[in-house]
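I have placed the structure first, in the form of structure tokens, so that the comments after it can refer back to it.
We did not get these values from a lab; they are worked out from the coordinates using the rules stated. Because the structure is predicted, anything quoted here is derived from the model rather than measured. Here the Cβ positions follow ideal geometry from the backbone for every residue, glycine too, while neighbour counts run over all protein chains shown.
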Amino acid sequence: MNKQAIDTLLQKINDSAISEGNPRTKEIVNRIVRDLFYTIEDLDVQPDEFWTALNYLGDAGKSGELGLLAAGLAFEHFLDLRLDEAEAKAGIEGGTPRTIEGPLYVAGAPESAGHARLDDGTDPGQTLVMRGRVLGEDGKPLANALVEVWHANHLGNYSYFDKSQPAFNLRRSIRTDASGNYSFRSVVPVGYSVPPQGQTQLLLDQLGRHGHRPAHIHFFISAPGFRKLTTQINIDGDPYLWDDFAFATRDGLVPAVKQAEGAEGKPYGVEGNFALIDFDFTLFKERDNLPGAEVERLRAEA
Ligand code: MBD
Ligand code: FE
């Protein structure tokens, strides 16, 4: 079929509208359908291939893996790069890099002032203390900023999705103190891998790719009047550090992991050896004429 015949069919579909509908939705859907028709034509996609793909997406939806798929196909990272570009155009550059939220945030974690312990003492792994400040772009500390933190356990699993863990294990919200300081105590996480029997792994196999993420810790950092920061830090030395299936590792998000002991652990109730990460977050002021940094998406809530 030639492109002209395809365009005639597309025009017929468009002309079949009986009401205004939603112009934005119409524009996007029409464009995607056109691009897919062209793809089917150019690659001579056969009916059984088309139905396999459609059923695949249905199965991925049923098993709750569409968010995972979006990360693995780099859509989420691509959206980050586009936000970076919009910010650069508005003169915003530097500061703490954003990186993807991923599909495993859960709203409603317990909130504490200044410091929190994320684990309940039963998780294996090296004790970790992470601490630092939340700063405005002028370098001034932000008191009462909200640091939402979540990460995987020693098996790479996240509480809520992994029902064997207690509610909100390794998930907390921390308000910075008057000097903009936050700190938390936890255990060093291990990298995540997509479910081996799931739909995402099925596609990754077809693409000849792996489904591993390096060990990381997620953050939402927010303060009134500032652009919300969605980011992660990576644990240095992980074999997948620069080989993340979700492409989320970025320069500036790989802090040194120091080995500390003794008196340094006192303020956090830690005895003996522990891993220590110092990391400051810098937020930019909210500005007009910029897409909001607060992304709306369906999230779990407990
Ligand atoms: C994760 O922990 C994660 O951060 C992403 C992006 C995808 C799957 C699991
Ligand atoms: Fe994660």
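Computed from the C-beta positions of R287 and D44 and an R0 of 35 Å, the FRET efficiency is 0.15 to the nearest 0.05. In the elastic network of the chain, a GNM with C-alpha springs shorter than 10 Å, the most mobile of L79, L241, L146 is L79. How tilted is helix 3-15 with respect to the longest principal axis of the chain? Cα atoms for both, answer in degrees (0 to 90, nearest 10). The angle comes out near 80 degrees. Note that segment 250-267 has calculated 3J(HN,Hα) couplings of 9, 3, x, 10, 10, x, 5, 9, 8, 9, 10, 6, x, 4, 4, x, 3, x Hz, one per residue in order, obtained from phi through the Karplus relation 6.51 cos²θ - 1.76 cosθ + 1.60 (θ = phi - 60°); glycine and proline are x. Residues whose amide H comes within less than 5 Å of that of F247, counting only those at least five positions distant or on another chain, are absent (H built at 1.01 Å from N in the peptide plane).
Taking amide H as placed 1.01 Å from N in the peptide plane, L142 has its amide H under 5 Å from the amide H of V134, L135, G136, each at least 5 places away in sequence or on another chain. Of all DSSP beta bridges confined to segment 68-180, the antiparallel ones make up roughly 60%. In terms of its C-alpha gyration tensor, segment 67-166 has an oblate overall shape, because the principal axis ratio a/c (a ≥ b ≥ c, square roots of the eigenvalues) is not below 1.5 and a/b does not outweigh b/c. FRET efficiency for the E111 to R31 pair, using the beta carbon distance and R₀ = 35 Å, is estimated at 0.25.
Can you compute the FRET efficiency between A256 and E137 using 1/(1 + (r/R0)^6), with r the Cβ-Cβ distance and R0 = 25 Å? Round to the nearest 0.05.
Efficiency, rounded to the nearest 0.05: 0.60.
Between G269, G91, G21, the GNM of the chain built on Cα springs shorter than 10 angstrom shows G21 fluctuating the most.
Would you list Y158, Y268 from fewest to most Cβ contacts within 10 Å?
Numbers: Y158 23, Y268 20.
So the ranking, lowest neighbour count to highest, is Y268, Y158.
Each DSSP beta bridge with both residues in the chain is either parallel or antiparallel, and the antiparallel ones are about 65%. Of F226, F161, F274, the residue with the greatest mean-square motion in the GNM of the chain, using alpha carbon springs below 10 Å, is F161. Spin-label pair E20-L66: with each label point 7 Å from Cα along the Cα-Cβ axis, the two points sit 2.7 nm from one another. With θ taken as phi - 60° and the Karplus curve 6.51 cos²θ - 1.76 cosθ + 1.60 applied, the whole-hertz 3J(HN,Hα) list for segment 201-212 is 4, 4, 6, 4, 4, 5, 8, x, 10, 9, x, 9 Hz, x standing for glycine and proline.
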